[in-house]
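Colleague: Take a look at this one; I'll ask things after.
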Amino acid sequence: ELATKPAIQTQASAESYPGHARGFRDHDPAEIKQTIAAYYAMVSLVDDETARILAALDALGLAEDTLVVFTSDHGEMLGDHELLLKGPMLYEPAVRVPLIMRWPGHLPAGARRDELTQWIDLGPTFLGVAGLPPLPANQGLDLVPLARGDASAQTHGWALCEYRNSGHPYDPPVHLTMLRHGNHKLIVQHGPPATARPRTGELYDLANDPHELHNLWD
């Protein structure tokens, strides 16, 4: 599969974190299964501890006065696309993170929304709940109207992700910009003058290729 993807992914498959961690290809199937099991166990632990926080809010009578947002900084490749950990890859397992909002008496329980949202929306959401205006130059949207199901709720209609040779840097550097719009995802791997790497990328039709197996860039 990686033969049709930018070459940096083959490099990351061989060595995670530019050689600071073993790559997918340096693990046998039993080790990959153990990695997945350990990840699920950590997720279960976080779920259990989050439940304790919510129970404490209920017991203290603070639940209806507290907007709780559960999210995550990133996902984990877990062997998908012959990759482990994170880095210069912007597949759904890495960039699609939870966003769960709980505010009894203000937001409907159990409702789901399909619109694209981003972390830049959290700042104005918290300020709006506190009765404060957005910060100057704010680019996000208050998510409470969308979470309530208001027909007039504003949405971006797109989501942007960036990777700027962060964490354990590569040499030459790797810079990616991802745009998700509707059912399509475009990922540009920037080239000169930002880096000596070639300019290339990925394009996926998520309606027909939800697992991002077929790169349509070319």
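Colleague: Where does each of 119, 217 land when they are ordered by accessible area, with a 1.4 Å probe and the largest first? Could you put the intermediate results ahead of the total?
Modeller: Values: 119 130, 217 75 Å².
Largest accessible area first, the list is 119, 217.
Colleague: With r as the distance between the Cβ atoms of residue 22 and residue 42 and R0 = 25 Å, compute the FRET efficiency 1/(1 + (r/R0)^6) and round to 0.05. Don't skip to the end; give the middle numbers.
Modeller: Values: r = 19 Å, r/R0 = 0.75.
For R0 = 25 Å, the calculated efficiency reads 0.85.
Colleague: Then there is this: Suppose a student asked you for the relative contact order of the stretch 125-194, using Cα pairs under 8 Å spaced at least 6 residues apart; what percent would you report?
Modeller: Values: 69 pairs, mean separation 13.7, N = 70.
That works out to 20 percent.
Colleague: Relative to the present Cα-Cα distance, how much length would full extension add between residue 115 and residue 55 at 0.36 nm per residue of separation? Could you put the intermediate results ahead of the total?
Modeller: On the way: separation 60, 0.36 × 60 = 21.60 nm, distance 2.91 nm.
Difference between extended and current length: 18.7 nm.
Colleague: Could you rank 97, 43 by how accessible they are, 1.4 Å probe, largest area first?
Modeller: Per-residue accessible area, sorted high to low, gives 43, 97.
Colleague: Keeping every protein chain present and rolling a 1.4 Å probe, give me the accessible area per residue for the stretch 151-218 in Å². Present the calculation step by step, with values, prior to reporting the outcome.
Modeller: Details: 4040 Å² over 68 residues.
The answer is 59 Å² per residue.
Colleague: How much solvent-accessible surface does residue 203 expose, in Å² to the nearest 10, with a 1.4 Å probe and all protein chains in place?
Modeller: Near enough 50 Å² of accessible area.
Colleague: Can you give the local net charge around residue 130? Use residues other than it whose beta-carbon is closer than 13 angstrom to its beta-carbon, Lys and Arg +1, Asp and Glu -1. Before the final figure, lay out the partial values.
Modeller: Values: positive: none; negative: 65, 142.
Here the count lands on -2.
Colleague: Still on this model: When ligands, DNA and RNA are left out and all protein chains stay put, how many square angstrom of accessible area per residue does the stretch 17-75 have with a 1.4 Å probe? Let's see the in-between values first.
Modeller: Numbers: 4110 Å² over 59 residues.
Accessible area per residue: 70 Å².
Colleague: Which option, (1) 19.7; (2) 17.7; (3) 22.0, is the value of Kirkwood radius over Cα pairs in Å that was calculated from these coordinates?
Modeller: Working out Kirkwood radius over Cα pairs in Å from the coordinates points to (1).
Colleague: While we're on this one: Under 14 Å from a point placed 7 Å out from the Cα of residue 73 along the Cα-to-Cβ direction: which residues of the stretch 124-148 have their backbone N that close?
Modeller: none
Colleague: Pop a pseudo-label 7 angstrom from the Cα along the beta-carbon direction at both residue 7 and residue 154 and give the gap in nm to one decimal.
Modeller: That separation, rounded to one decimal, is 4.4 nm.
Colleague: At a 1.4 Å probe, what is the % contribution of carbon and sulfur to the accessible area of the stretch 155-218?
Modeller: 56 percent
Colleague: Net charge near residue 70, counting Lys/Arg +1 and Asp/Glu -1 over other residues with Cβ under 15 Å of its Cβ?
Modeller: On the way: positive: 52, 96, 102, 112, 113; negative: 47, 48, 49, 73, 121.
Local net charge: 0.
Colleague: Roughly how many percent of the accessible protein surface of the stretch 1-79 is carbon and sulfur, given a 1.4 Å probe and a whole-percent answer? Mind dumping the intermediate values first?
Modeller: Numbers: 2860 of 4860 Å².
That fraction is 59 percent.
Colleague: Right, another one. Where in the chain are the DSSP H helices whose alpha-carbon span along the long axis reaches 24 Å or more and whose Kyte-Doolittle mean is at least -1.0? Could the numbers behind the result be given before it?
Modeller: On the way: long enough: 29-59 (45 Å, 0.45).
Helices meeting the span and hydropathy rule in the chain are 29-59.
The values are calculated or read from the model by the stated rules, or taken from the named source; none is laboratory data. As the structure is a prediction and not an experimental result, all values here were calculated from the model. Please note: Cβ atoms are built from the backbone with ideal geometry, for glycine as well, and neighbour counts cover all protein chains shown. Side chains are part of the model used for accessible areas, which takes the heavy atoms of the whole protein and leaves out ligands, DNA and RNA. Shrake-Rupley method; radii C 1.70, N 1.55, O 1.52, S 1.80 Å.
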